Structures are given as structure tokens and as C-alpha cells.
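Here is the structure we will look at.
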Amino acid sequence: MDFILLFFIIIFFIKAKFHFKDNNENYISRTQTQCINGFFVLIVFMRHFKSYIKFGDFDHIFQAIDSWTGQLIVVPFLFFSGYGIMLSISKKGKGYVNSIMTKRFLKVWIHFMMAIVLFVFTNMFLGNELKLNKVLFSLIGWDGIGNSNWYIFDTLVLYILTFLSFRFVGKNNKIGMYIMALLSTAFVVTMTFFKQGYWYNTIIAYPLGMLFAMTEPQFRAWINKSRFNFIIIATIGAVSIFLSSYDKGKLTSYEVFVTASIFIILALSLKVEFKNKILEFLGKYVFEIYILQRIPMLILKNYIPQKYLYFAACFAATIIISILFRFLANGVDYLIDGKFLKKNKAK
């Protein structure tokens, strides 16, 4: 795993443009964020893959890094998602807010249910017995049948909270942001009574992404005003993430840990411009890769004993399945947009 991690890091910086004397003006562009998401979905793949193998002599570095980073690997997904949604709300207004439950929530939920069907068949193929209540709860992400579920559950809830926060505030996005912060906090507190920390300790990244979208023009002007301002961002991020990492068991410390990691990601983006087609491609398929990768891991586990071949086969299979799944999902989306949504608009 150490060699694979090194390989992924090398890929991350291939064709990257370094801005030593200035700042990357495209630091929050779609291409940039997709490349960053593409890298982190590779790390998620490694995180999940490790649970299907036995560690050896060349896995210690990855183990140490994996243990230290923990849930930080999903922070970019949540942060950039919140950022993108807030930008859309600011530009499109009420029309976009009204479409969140169909364009966002409904589509993601249907795609997730499609993936659950594949996991049901996978379990049947493997001879695993499934209880009905477990399957039903897995349809909303509250439980799992071999699939990754907590992230999708959180995503769906955050879409609902976004809709509720901005639905009745008109053009006053600041009030909507206050409501979103309050509802997100209530969601986190509620989840502490039902689930383990990894279910809720990174949720803060989503509203922080929304807040950043509202303040990004001011941030851009401030960061370009002086080179020293970049040093401030990088230093705050580095010191905060170092200090908070010593007490990550506490939720408050972990929220500082998450926030500090966002500072580091922004600092990196300001100095490194990514133009990697591989990572950009992976960044476009984050949902599919994230949710489907365990299928080949489960099926191929007993057929390929050699660890590196097993990894390569699982990764290749995941990419193929993801592309096919996206094609099928696009067809389903067409039916939803062309029939369901139009039918409801007509009413």
C-alpha cells in the first residue's frame, strides 16, 4: 500500500503548475476541485481496500497516514459540494432552491437505491443471507449490506436541510446561512445519540463550503493583497491541524481538525494548479467510485490472492462499473426530468 500511495501522490502532481510568486487564480475552479476530489477518491478507495487484505511490511507508512487523517479524506467532497450549491443558490435564487429536492435529493437517492440493488445481487452471488429490515434501512443509508452508506445518508440529509434553510428566506441568503448553521448543528448533536463519530464529525465541512461561497470574492481580494496573507492561511491551518490532532476524540477538537484541513486544502490550491486529466475524470465519478468500489472488492477477494493484482483488478473493475452505472443513471435521470418533473410542473 505504501508504493500505491506514492504512485497516487506522483499522479496528483503530474502536469501541475506551481505558483511560487503569485496565487493560482483558478484555485476554486471546477477543474481544480474535480482534480482534488479525484485524488481523494483514490485515497477513499485505498481506505476501503485495506479492510479486505492483510497488511505486510510495505504498508506501515500508509497505515500511519491513514490512521492520522481519518475522516479528513471526505472533507473536500463535502466542502466543495456546499460551495457549489451555495454558488447556485446565489446565482439562480429561489428557482434553484425549489429544485434541490428533485434535482439533488431525488436523483442521488434513486442512484443510491440502484446501487443497493447491485449490492443485493452481489450478496446473493456470494451466498450471504440478508434480513429484510437491513435491506430496507440500507435504502436510506441508515444501514449497509456491504456498501458504503454513512456518507450518502449525510448527503441526503444535508440536501434536505439546505432546502429548508433557504426555501422561505427569499433573497436573504445570510438568514438562510444562519438557519443552515443551526440545523447542521442540531443534526450533528442528534446523530451523537445514534451513531459513531465518523457519521457526523465531518458534516461541518458542508456549511463551511456554503459560507466560503458567500465570502469568496472578499477572500480572493484579501489573499491577493499581500503575499504575507497566504502565509497567514497556511500557518493557521498547519498549527490548528497539528494541535487539534492530539485530541481528535472530542467532537469540538475534531471540528477544528476539519476546519484546519480546509485551510490547508485552500492553501495548496492557491499555490498548485492541477491540470491532470486522470484526476479530473475520477473527480467527475466520485459518487459512482465511492459507492460501487466494494462490489469488486467483495467478489474478487477469494479469487485473486496476490495483493497488488487484487488491487489493480478491483480498481479497473470499479472504473468500468462506474462508467456503465453512470450511463444507466443518466437514462433514469432523463425519465425523471422528462416525465416525472414535467408532469408535476403541469399540475
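A few comments on the model shown:
- Some residue of the range 12-31 being open to solvent by less than 40 Å² (accessible area, probe 1.4 Å), in contact with a Phe, Trp or Tyr (Cβ under 6 Å, 6 or more places away or on another chain) and either under 17 Å from Leu279 (Cα atoms) or not hydrophobic (A, V, I, L, M, F, W, C) (or both): yes
- Qualifying residue in the range 318-331 (condition: touching a helix residue (DSSP H, G or I) at 6+ places or on another chain (Cβ under 9 Å) and within 25 Å of Phe58 (Cα to Cα)): yes
- Just one of the listed residues (Ile152, Ile179) is β-branched (Val, Ile, Thr), farther than 26 Å from Ile291 by Cα, outside any loop (DSSP other than H, G, I, E, B) and in contact with a helix residue (DSSP H, G or I) (Cβ under 6 Å, 6 or more places away or on another chain), namely Ile179.
- If you go through the range 79-104 and keep only what is touching a Ser or Thr at 6+ places or on another chain (Cβ under 7 Å) and either of a type in the set (A, V, I, L, M) or open to solvent by 30 Å² or more (accessible area, probe 1.4 Å) (or both), you end up with Ile85, Ile100.
- Tyr206 being out of contact with any strand residue (DSSP E or B) (no Cβ under 8 Å at 6 or more places or on another chain) and under 28 Å from Ile89 (Cα atoms): yes
- Leading residue by the ranking (least open to solvent (accessible area, probe 1.4 Å)) among those in the range 186-200 that are in a helix (DSSP H, G or I) and farther than 18 Å from Leu156 by Cβ: Gly197
- Test for Lys107: is it more than 19 Å from the chain's Cα centre (by Cα), surrounded by fewer than 20 Cβ atoms within 10 Å (Cβ to Cβ) and among the basic types (Lys, Arg): no
- When residues in the range 268-321 are screened for being among the acidic types (Asp, Glu) and in a helix (DSSP H, G or I), 2 of them pass.
- When Thr235 is tested against (1) open to solvent by 20 Å² or more (accessible area, probe 1.4 Å); (2) at pLDDT below 90; (3) of a type outside the set (A, V, I, L, M), exactly one condition is not met: (2).
- So Thr215, is it modelled with pLDDT of 90 or more, of a type in the set (S, T, N, Q) and either within 15 Å of Val74 (Cβ to Cβ) or within 24 Å of the chain's Cα centre (by Cα) (or both): yes
- Residue selected from the range 94-116 under the condition in contact (Cβ under 8 Å) with a residue 12 or more places away in the chain and of a type in the set (Phe, Trp, Tyr), by the criterion farthest from Ile140 (Cα to Cα): Phe105
- Restricting the range 222-232 to residues that are in contact with a helix residue (DSSP H, G or I) (Cβ under 8 Å, 6 or more places away or on another chain) and free of Cβ contacts under 8 Å to residues at least 12 places away in the same chain, the residue that is surrounded by the most Cβ atoms within 10 Å (Cβ to Cβ) is Asn229.
- Per-region count, the range 277-297, residues of a type outside the set (D, E, K, R) and surrounded by fewer than 19 Cβ atoms within 10 Å (Cβ to Cβ): 2
- If you go through the range 118-129 and keep only what is open to solvent by 70 Å² or more (accessible area, probe 1.4 Å) and assigned to a helix (DSSP H, G or I), you end up with Phe121, Met124, Phe125.
- Matching entry among Ile232, Ile203 (being among the aliphatic types (A, V, I, L, M) and assigned to a helix (DSSP H, G or I)): Ile232
- Within the option set Lys275, Lys301, being more than 30 Å from Phe20 (Cβ to Cβ), touching a residue at least 12 places away in the same chain (Cβ under 8 Å) and over 19 Å from the mean Cα position of the chain (by Cα) holds for one residue only, Lys301.
- Whichever residue in the range 130-149 is in a helix (DSSP H, G or I) and touching a helix residue (DSSP H, G or I) at 6+ places or on another chain (Cβ under 7 Å) and, among such residues, is surrounded by the most Cβ atoms within 10 Å (Cβ to Cβ): Ser138
- Test set (1) surrounded by fewer than 21 Cβ atoms within 10 Å (Cβ to Cβ); (2) within 22 Å of Thr155 (Cα to Cα) - Met210 fails condition number: (1)
The values are calculated or read from the model by the stated rules, or taken from the named source; none is laboratory data. A quick note: this is a predicted structure, and the numbers were derived from the prediction, not measured. Heads up, the Cβs are rebuilt from the backbone with ideal geometry, glycines too, and the neighbour counts pull from every protein chain shown. Ligands, DNA and RNA are stripped out before the accessible areas are found, and what is left, the full protein with its side chains, is counted by its heavy atoms. Shrake-Rupley method; radii C 1.70, N 1.55, O 1.52, S 1.80 Å.
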